[in-house]
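The values are calculated or read from the model by the stated rules, or taken from the named source; none is laboratory data. What you see is a predicted model; the values in this text were computed from it and never measured. Methodologically, a virtual Cβ is constructed for each residue, glycine included, from the backbone with ideal geometry; neighbour enumeration extends over all protein chains shown.
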Amino acid sequence: MTRCYIGLGSNLEDPRQQVSQALTELAQLAHCQLIAASSIYRSDPVGPPGQPDYINAVACLDTELEAHSLLDQLQAIEQAHDRVRKIHWGPRTLDLDLLLYGNQTISTERLTVPHAFMAERSFVLWPLAEIAPATVLPDGRALEQLLSKCPMGTLQRIPV
């Protein structure tokens, strides 16, 4: 089993429900076990202006799938949520990003792990810290160190 972390985000078609449903679907993935999920957070959009705010969370999975097979499963869940890729960093019904896959560094045409922008995104780091505060990236950087350089800013934890 490999421990991995998935970033979830949505800003279209009832984003909170999209993220909640995706967490349920992650828990049902074959050869995977959902270990933990962060609280739900509200974040400002990244990318083109005029987008609605995002709802974000981070999930921890243990998986028997290799990284690209897991990516295939994540993209299938996105498709089931009618994910349309029109604009880079544009609005979306659901975004599932493989943030960390064990202690591996992966760089292929389809997949970069650790996720290329996770170290600078409060909506990834703060939910990750909630469920795995002792996380150390494959390059040796501790999550605590990354958090000190990435304040919460306008990120808001949403009460249940």
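Values computed for the structure shown
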| read-out | value |
| --- | --- |
| Near pairs, Cβ below 9 angstrom, 6+ apart or cross-chain, from region 35-49 (touching a residue at least 24 places away in the same chain (Cβ under 8 Å)) to any residue that is surrounded by fewer than 13 Cβ atoms within 10 Å (Cβ to Cβ) and part of a strand (DSSP E or B) | Ser39/Ile158; Ile40/Ile158; Tyr41/Ile158; Arg42/Ile158 |
| In region 112-124, residue nearest to the chain's Cα centre (by Cα) [restricted to those that are within 23 Å of Asn11 (Cα to Cα) and among the aliphatic types (A, V, I, L, M)] | Val124 |
| Among the candidates Glu120, Glu78, Glu64, residue that is of a type outside the set (Val, Ile, Thr) and surrounded by 14 or more Cβ atoms within 10 Å (Cβ to Cβ) | Glu78 |
| Failed item in (1) under 14 Å from the mean Cα position of the chain (by Cα); (2) of a type in the set (A, V, I, L, M); (3) surrounded by fewer than 15 Cβ atoms within 10 Å (Cβ to Cβ); (4) under 17 Å from Ser10 (Cβ atoms), with Leu94 passing the rest | (3) |
| All positions within region 92-145 that are more than 24 Å from His81 (Cα to Cα), among the hydroxyl-bearing types (Ser, Thr, Tyr) and in a loop (DSSP other than H, G, I, E, B) | Thr105, Thr108, Thr135 |
| Candidates Pro138, Pro91 - the one that is modelled with pLDDT under 95 and not acidic (Asp, Glu) | Pro91 |
| Candidates Cys4, Cys32 - the one that is crowded, with 18+ Cβ neighbours inside 10 Å and under 19 Å from Arg121 (Cα atoms) | Cys4 |
| Residues (touching a helix residue (DSSP H, G or I) at 6+ places or on another chain (Cβ under 8 Å) and surrounded by 13 or more Cβ atoms within 10 Å (Cβ to Cβ)) located in region 105-116 | Ile106, Leu111, Val113, His115 |
| Evaluation of Gly47 against (1) modelled with pLDDT under 95; (2) part of a helix (DSSP H, G or I); (3) of a type outside the set (A, V, I, L, M) (one fails), failing number | (2) |
| All positions within region 136-145 that are more than 16 Å from the chain's Cα centre (by Cα) and surrounded by 11 or more Cβ atoms within 10 Å (Cβ to Cβ) | Val136, Pro138, Arg141, Ala142, Glu144, Gln145 |
| Residues within region 13-29 that are in contact with a Gly (Cβ under 9 Å, 6 or more places away or on another chain) and either assigned to a loop (DSSP other than H, G, I, E, B) or loosely packed, with under 13 Cβ neighbours inside 10 Å (or both), tallied | 0 |
| Selection count, region 151-160, where residues are at pLDDT 95 or above and assigned to a loop (DSSP other than H, G, I, E, B) | 1 |
